[in-house]
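Colleague: Quick one: this structure, given as structure tokens, is what I'll be asking you about.
The values are calculated or read from the model by the stated rules, or taken from the named source; none is laboratory data. These numbers were taken from a predicted model, which means no experiment stands behind them. Quick reminder, even Gly has a Cβ in these numbers, built from the backbone with ideal geometry, and neighbours come from all protein chains shown.
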Amino acid sequence: MTRLEEQIRAEIVEAGRRLYARSYIASNDGNISARLDERRLIATPKGVSKGFMTPDMMVIVDYEGHRGGGEREPSTELPMHLEIYRNRPDVNAVVHAHPPVATGFAVAGIPLTRAVLAEVITTLGSIPIAAYGTPSTAELPEAVRKYIKAHDGMLLANHGAVTCGRDVMAAYFNMERIEHFATISLVARLLGRENLISREEVERLQGLRTIYGSPAPAPLCADGPDAPDGQVLCQVLEAPESARRLVPDASFAPASRDGEIRLTYGQLTALIADAVRTLKD
Ligand SMILES: [Zn+2]
């Protein structure tokens, strides 16, 4: 086994551990994969908790999904991963999970497309919802195909979320970012208002994307039909392939994470209880 393969297997184990520890998955849910070389992928096995994997559990598959190593079967969601690799040659890893707040938005049919957080605009941009597809069928890869060329992460209607990145941890951090954004959006909506960032500032922030390091193109933003005066509602529009922008390896660093506010579920529950109490008063 090469050093690269060892490293990828270790990163998948670590990402699975974090997904489970943060309750982004329950039981045996979720799956992770990464490119090993131009012919092969390493993927998580089906039927095991991703929070308790060991490096030897991984499955080797080719880009058609045929098994080429490992004793276990790959996830039945593998075709969704393969679709992402086919459409995004710049991407080396895919993470799928069911983070509860983001999945709540996916169940409610509410995309995370409002320009409210500078950090999200400079990284993921907007987060659309791919149409519902029956898990383990060709419907899910088809639904994902619509957005994956312009987005590093999306919600999956009535299901969960999927993210990609230049390596396993980058794809994992995009999943964290979506759940964090969903949590803040939920709190703001419970509090009764969302102050949107101005169009001028959105354009400035989009210009900073190469510095903050998202390999996906900036999703386009336009005035929303219900946007208050002088403010912007970020809408999901198809970006042309020519708009895709790659950033150098050196720019991969979760540099903007230092300023993040993290909420535990206990703190979130307390905030929601406070908000509901205020609304009742
Ligand atoms: Zn799933």
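Colleague: From the set of residues in segment 45-85 that are over 20 Å from Glu139 (Cβ atoms) and part of a helix (DSSP H, G or I), which is nearest to the ligand (Cβ to nearest atom)?
Modeller: Lys50
Colleague: Can you name the number of the only condition in (1) without any contact (Cβ under 8 Å) to a residue 60 or more places away in the chain; (2) surrounded by fewer than 16 Cβ atoms within 10 Å (Cβ to Cβ); (3) closer than 29 Å to Gly207 by Cα that Asp62 fails?
Modeller: (3)
Colleague: Right, next: Would segment 64-74 turn up any residue that is modelled with pLDDT under 95 and under 20 Å from the mean Cα position of the chain (by Cα)?
Modeller: Checking segment 64-74: not a single residue is modelled with pLDDT under 95 and under 20 Å from the mean Cα position of the chain (by Cα).
Colleague: Here is a list: Ala171, Ala143. Which entry is under 24 Å from Gly133 (Cβ atoms), surrounded by fewer than 24 Cβ atoms within 10 Å (Cβ to Cβ) and in contact with a strand residue (DSSP E or B) (Cβ under 8 Å, 6 or more places away or on another chain)?
Modeller: It is Ala143.
Colleague: Something else: Which residue out of Ala102, Ala26, Ala34 is under 23 Å from Ile127 (Cβ atoms) and assigned to a helix (DSSP H, G or I)?
Modeller: The conditions single out Ala102.
Colleague: For segment 108-115, state whether one or more residues are part of a strand (DSSP E or B), away from the ligand (no atom under 16 Å from the Cβ), in contact (Cβ under 8 Å) with a residue 60 or more places away in the chain and under 16 Å from the mean Cα position of the chain (by Cα).
Modeller: So far as segment 108-115 goes, yes, one or more of its residues are part of a strand (DSSP E or B), away from the ligand (no atom under 16 Å from the Cβ), in contact (Cβ under 8 Å) with a residue 60 or more places away in the chain and under 16 Å from the mean Cα position of the chain (by Cα).
Colleague: If you check Ile42, Ile12, which single one turns out to be away from the ligand (no atom under 16 Å from the Cβ), part of a helix (DSSP H, G or I) and buried (at least 24 other Cβ atoms within 10 Å of the Cβ)? Break it down stepwise before answering.
Modeller: On the way: Ile42 fails: part of a helix (DSSP H, G or I).
Just one listed residue meets the conditions, Ile12.
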